[in-house]
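The next block holds one structure in the form of structure tokens; read it before the comments.
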Amino acid sequence: MDLNIRKAILHNLSSNDQNELEATIVDAIQAGEEKMLPGLGVLFELIWNQSNNEDRQEMIEALEQGVKQATSN
């Protein structure tokens with residue numbers, strides 16, 4: 001069986017507007033379910049690929065701080 005998670009996620013989100021995309025992200029994070037992680041990963045990949053180096057550096061810094069906070073608790 002050939003399962004392309006990226007294609008499936010992108011297909012499911014292809015008609016979503018900005019509000020729906022935001023709701024998807026917020027719902028996935030609030031639910032905290034492991035099964036949502038691949039979808040969030042695909043969305044992050046899209047954001048990363050659309051970002052310039054300065055934006056990428058800001059994301060890396062935010063991730064670093066988030067990881068430090070999450071692991072210090």
Top-ranked residue of region 1-32 - restricted to ones that are loosely packed, with under 10 Cβ neighbours inside 10 Å and among the acidic types (D, E), ranked as farthest from the chain's Cα centre (by Cα):
D2
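Considering only region 1-32, state which residues are hydrophobic (A, V, I, L, M, F, W, C) and in contact with a helix residue (DSSP H, G or I) (Cβ under 6 Å, 6 or more places away or on another chain).
Here is the first cut: in region 1-32, the residues hydrophobic (A, V, I, L, M, F, W, C) are 1, 3, 5, 8-10, 13, 21, 23, 25-26, 28-29, 31.
Listed by number, the residues that qualify are I5, I9, A28.
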Go through I29, I47, I60, I9 for me and flag whichever is touching a Gly at 6+ places or on another chain (Cβ under 9 Å) and free of Cβ contacts under 8 Å to residues at least 60 places away in the same chain.
I9
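Values in this text are rule-based calculations from the coordinates and carry no lab data. Since the model is a prediction, treat every value here as computed from it, not as a measurement. Backbone-built Cβ (ideal geometry, glycine too); neighbour counts: all protein chains shown.
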